[in-house]
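Some notes on the structure that comes next.
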Amino acid sequence: MIGLASLAGLALLVLVHVVTPRLRFLEGTPRSVWLSLAGGVSVAYVFVHFMPELAASQEKVAEAVGGEGTLIPAERHVFLIALAGLLTFYGLHRLAQTSRSKRAGEQVNGGRGSDMEAATSSRVFWIHMASFAVYNLLVGYLLLHREQMTLSSLAFFATAMALHFVVTDYGLHEDYKAPYRQIGRWILAAAVIGGWLLGLVTEVHEAAIATLTAFLGGGVVLNVLKEEVPSERQSRFWAFAAGAAGYAALLLML
């Protein structure tokens, strides 16, 4: 049953990658209510579900890395990994900003520049796609291997990641335009499938799952907030807050 449900979750995630760049109702300023709502759901999932799971599994990670006698307290390992995930994707975001601004002949700023037609360089595009492919590989793998393996936890995970992919796909499409539509989205869809297939044939140690989850959690937080926070987005706070509060309430009923 879990296997069939994970296949349905996989199909949903792949579909999101395929169709999101074509969803015209998400475009424009102020920011679409649906994007802000989806971002709120994603962040709520990380803080209400991911983080408690990480806290519960920190002992396994500490044992795997030899927590005793090290400079870093054992209970901090998973949160440092989450921080590493956040910093990794923040670095990628700034790399894309710098490349796009240089091509538009503007100073690097906190948004996507006044020239929305300016795209990033080919080199940065491939770096970004490779990084998000690994990100998606983790998501695909976690469809089959998470701390909690129940139908309800799978449904919440797949829903949160699908909405998160809507947010990240929209941002990647703004960054890369035609290259993302023509090849980027297919790479990311294939990566999710690859992660799921890897999960069918491989099962790693529980500490490794906790590590992957922590890194993914940090990436989710950064990738949502970088889309919501910049002032020129004119984001819908009420929609973001409603998505976060509503999904958090659902998760607390698990």
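Every read-out reported here was derived from the displayed coordinates using simple, explicitly stated rules and does not represent laboratory data. Everything numeric in this text was worked out from a predicted model, so none of it was measured. Using ideal geometry, Cβ is built from the backbone for each residue, glycine included, and neighbour counts are taken over all protein chains shown.
Based on the alpha-carbon gyration tensor of region 1-48 and its eigenvalue square roots a ≥ b ≥ c, which shape applies: rounded if a/c is under 1.5, prolate if not and a/b is larger than b/c, or oblate? Numbers along the way, then the final one.
Numbers: a/c = 4.54, a/b = 1.46, b/c = 3.10.
Oblate shape, in that a/c is at least 1.5 and b/c is the bigger or equal ratio.
Test of understanding: ordering I183, I209 by Cβ neighbours within 10 Å, fewest first, what list do you get?
Details: I183 14, I209 21.
Listed from fewest to most nearby Cβ atoms, that is I183, I209.
Report the FRET efficiency, 1/(1 + (r/R0)^6), for A245 and Y90, where r is their Cβ-Cβ distance and R0 is 30 Å, rounded to 0.05.
Numbers: r = 26 Å, r/R0 = 0.86.
That pair, A245 with Y90, gives E of 0.70.
Under the 0.36 nm per residue contour assumption, what length would be gained going from the current alpha-carbon distance of V201 and A178 to full extension? Display every interim value, and only then the final one.
On the way: separation 23, 0.36 × 23 = 8.28 nm, distance 3.50 nm.
Length gained, V201 through A178: 4.8 nm.
Show me 42-55, 140-153 ranked by packing, highest mean number of other Cβ atoms within 10 Å first. Present the calculation step by step, with values, prior to reporting the outcome.
Details: 42-55: 20.3, 140-153: 18.0.
Sorting 42-55, 140-153 by mean packing, highest first, produces 42-55, 140-153.
Taking the beta-carbon count within 10 Å as an exposure proxy, list R24, R31, R123, R185 from fewest neighbours to most. Intermediate values should be presented prior to the final figure.
Numbers: R24 7, R31 22, R123 10, R185 25.
The most exposed by this proxy come first: R24, R123, R31, R185.
For region 192-204, what does the Karplus curve 6.51 cos²θ - 1.76 cosθ + 1.60, with θ = phi - 60°, yield as ³J(HN,Hα) per residue in whole Hz, taken in order and with x for Gly and Pro?
4, 4, x, x, 5, 5, 4, x, 5, 10, 9, 9, 8
Under a Cβ-Cβ cut-off of 14 Å, what is the net charge of the residues other than M129 that fall near it, where Lys and Arg count +1 and Asp and Glu count -1? Intermediate values should be presented prior to the final figure.
Values: positive: R123, K177, R181, R185; negative: D169, D175.
Net charge around M129: +2.
Under the definition of Cα pairs under 8 Å and six or more residues apart, what whole-number percent is the relative contact order of region 138-254? Let's see the in-between values first.
Details: 59 pairs, mean separation 51.4, N = 117.
Answer for region 138-254 is 44 percent.
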